[in-house]
Amino acid sequence: MNQKRFIILFALLIFFLIHVEKTHACYPSGSRSFECKKEFDGVKIKDAKWSPDDPLLIITTYVPNGKYGRNAPEAFGHFTFKNDKVYYRFLRDPHFFNDHHCEKKGPHEVNPYVSYHQYEKSQRPAKGTWVEIRLAIYWGCKIVGFPPGGPIDCCHKNVVYKSLVQ
C-alpha cells in the first residue's frame, strides 16, 4: 500500500512540475531579426536619471513602431551600469515588464516606458561622473512552438547610454 501511494504521489509531483514549467517559465529570447529591421535603429534609452536621495536609477526606454504596427518595450535583459569606480548588474537574464507576460500583452502597455531600478547604496556613482548604462531591450515578442513555456521569440537590441550623475 505504501509503495502504491508513493508512486501516485511521485507521478502527481512530476505532472505538477511539468505544468509549472510550461505555464510560468517563459522567458524572452532575442532570436527574431527578420521582422525587426524597420524599428531597430530607433530602439534606445531616451533618458536616465539618478535619484539624489535614494539608490534609484530611473530610465526611459523607447521602441519605434514597426512593420506590423505599434511597438513598446516588453522585456529587459543584461542590465548594468559602470564607470572606472563602480559596476552594478541589475539583470543577467531577461524579464518581462510593461504589462507583459510571456507572449501576452496587457492593456496598460506604454511607449516610451519609464522604469525604476534600485541598486546597492555602496555602488552609487559619485556626482559629476559619467556612467555607462548597458541594457538589452526586447519587443515584438511572439510564442514559438507548442506547448507554451520556455523561450518567447522577440526582437532585441543591446543599447548603451552615457549618463551624467547629478
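Any read-out appearing in this document is the output of simple, stated calculations on the displayed coordinates, not a laboratory observation. Note that this is a predicted model, so its numbers are computed, not measured. Please note: Cβ atoms are built from the backbone with ideal geometry, for glycine as well, and neighbour counts cover all protein chains shown.
Laid out as a table, the results:
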quantity: Cα→Cβ-extended label distance, 7 Å offset, between Arg70 and Leu91, nm; calculated: 2.1 nm
quantity: At 0.890 mPa s and 25 °C, Stokes diffusion of the stretch 56-148 via Kirkwood alpha-carbon radius, µm² per second; calculated: 166 µm²/s
quantity: Under-5 Å amide H pairs with Tyr27, H placed in peptide plane, nonlocal only; calculated: Gly150, Ile152
quantity: Theoretical FRET efficiency, 1/(1+(r/R0)^6), r = Cβ-Cβ of Glu109 and Lys82, R0 35 Å, to 0.05; calculated: 0.70
quantity: Whole-Å distance, taken between Cα centres, linking the stretch 105-166 and the stretch 28-98; calculated: 3 Å
quantity: Gained length - Asp99 relative to Gln3, 0.36 nm times residue gap less alpha-carbon distance; calculated: 30.0 nm
